[in-house]
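These notes concern the structure reproduced below.
The values are calculated or read from the model by the stated rules, or taken from the named source; none is laboratory data. Nothing here was measured: the structure is a model prediction, and the numbers come from that model. Reconstructed Cβ throughout: ideal geometry from the backbone, glycine too, with neighbour counts over all protein chains shown. Side chains included, ligands, DNA and RNA excluded: accessible areas come from the protein's heavy atoms. Shrake-Rupley method; radii C 1.70, N 1.55, O 1.52, S 1.80 Å.
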Amino acid sequence: MNQIANTDTDTDTDTDELQEVTEELQPTTRMQRWRMVLGSPADASCGGVTGRLQEMDQTLAALYEEDSKLSSRKGGRGNSSPSVSRWLGDIRKYFPSQVVQVMQRDAMERLNLRELLLQPEMLENVQPDVHLVADLISLGSVIPQNTKATARLVVRKVVDELMKKLEEPMRSAVSGALDRSQRNRRPRHAEIDWNRTIRANLRHWQPDYQTIVPETLIGYGRKARRPQREVILCIDQSGSMANSVVYSSIFGAVMASLPAVATKLVVFDTAVVDLTEKLDDPVDVLFGVQLGGGTDINGAVGYCQSIISEPRNSILVLISDLYEGGVESGLLRRANELVESGVQFITLLALSDEGAPAYDADLAAKLAALGVPSFACTPDAFPQLMAAAIRRDDVAAWAATQGFKTSK
């Protein structure tokens with residue numbers, strides 16, 4: 001069934017790039033609309049489609065109709081698949097980027113197209129997105145040498161697009177929080193925090209002059225020469241966390257570029273790998289990740305605990321679905337020790353925009369009881385989360401104000 005057609009024709013297209021095409025492809029009658037929804041089996045009852053509308057229908061049929069030529073090529077493709085490559089180009093011709101990404105993911109699942117990503121000509125025609133990056137890094141160890149350069153270019157394109165979107169919000173939020181987390185009792189005029197200064201001097205209100213005489217000035221802290229905060233991103237690299245790995249790597253690279261934050265990046269499955277030295281290039285980080293395998297959260301948290309030098313200035317962000325394959329009691333003991341020492345310990349059940357994740361609710365509740373808030377976070381909200389942590393705000397309360405459900 002042509003599942004995408006109804007969505008595409010019932011909603012207004014916001015992108016200018018496809019405006020002329022989509023206007024031409026709009027079904028003009030009710031029967032045409034039903035025909036696009038039901039596909040070619042409905043030709044007899046709804047009538048056929050012609051022209052460019054027919055071309056659009058063929059790209060949908062290639063994926064969603066079981067007897068299509070594309071669907072029949074589920075195995076034994078040999079060295080190349082020109083029909084599939086052409087189809088990937090066609091869907092970009094007829095549909096906006098968001099729909100293209102949905103259709104690519106459906107093709108991966110319905111047609112078993114993972115092996116096609118091992119071919120350079122296929123990668124050149126694919127619409128890059130976070131999901132494709134996740135697929136490429138999961139296949140990193142088996143990608144042929146002649147394809148690796150193309151795969152890297154695809155990943156680079158996605159990373160660059162995400163950096164443009166996320167870098168400035170992250171940099172502004174963290175820098176602003178750092179400036180305000182340190183207080184100065186002898187500020188210069190430009191450093192005065194007027195809101196706090198007024199609140200601290202309300203008792204000096206002068207009714208006759210309708211003003212306050214500030215006896216105490218409170219200012220923002222001057223920039224420190226050494227890092228003010230140590231942030232450790234500890235990322236579960238099991239297959240279900242693939243999108244979270246992509247976003248975490250990008251945010252880690254941004255924070256690593258801020259001198260006032262000492263950022264470390266640790267990934268784990270049953271082994272722990274410290275990728276801090278690669279943080280200057282998130283693409284290198286992503287190709288250093290091995291998605292899949294088991295999960296030893298206790299071992300990873302233990303490693304992070306060993307590299308924390310100033311607990312009261314440290315923020316540990318564990319990004320995991322909490323399906324522990326290691327020693328749960330050891331993890332809870334370490335979590336308690338970290339919280340007691342002053343480390344701000346946060347668990348993100350996912351760092352993605354794909355909705356509610358699957359996770360171990362029992363372990364999340366046990367961590368929450370120890371003072372480790374556990375919730376899923378979207379990439380857009382992550383900069384403000386880190387700003388709240390740097391200011392030492394109540395992160396669980398912050399999450400509640402954002403509408404994120406925290407474990408209890």
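Beyond 23 Å in Cα-Cα separation lie the following of the pairs LYS93/LYS157; LYS157/LYS278; LYS164/LYS278; LYS165/LYS405; LYS278/LYS366; LYS164/LYS405: LYS165/LYS405; LYS278/LYS366; LYS164/LYS405.
Projecting label points 7 angstrom from Cα along Cα→Cβ for ARG196 and GLU277 puts them 3.9 nm apart.
On the beta carbon distance between HIS204 and ASP160, with R0 = 35 Å, the FRET formula returns roughly 0.10.
Annotation: extensible slack from SER306 through ALA44 equals 87.3 nm (criterion: 0.36 nm per residue apart, minus Cα-Cα distance). Determine the distance separating the Cα centre of segment 333-408 from the Cα centre of segment 298-312; give it in Å without decimals. Here the answer is 17 Å between Cα centres. Within the shell defined by Cβ-Cβ distances under 11 Å, the residues around VAL49 carry a net charge of 0, with Lys and Arg each +1 and Asp and Glu each -1. Of the Cα atoms belonging to segment 330-408, the radius of gyration and Dmax stand at 12.1, 34 Å.
Provide VAL272, VAL213 ordered by accessible surface of protein heavy atoms (probe 1.4 Å), highest first.
Largest accessible area first, the list is VAL213, VAL272.
Give me the net charge for the shell around LEU370: Cβ to Cβ below 13 angstrom, other residues only, Lys and Arg +1, Asp and Glu -1. Summing Lys/Arg as +1 and Asp/Glu as -1 gives +1.
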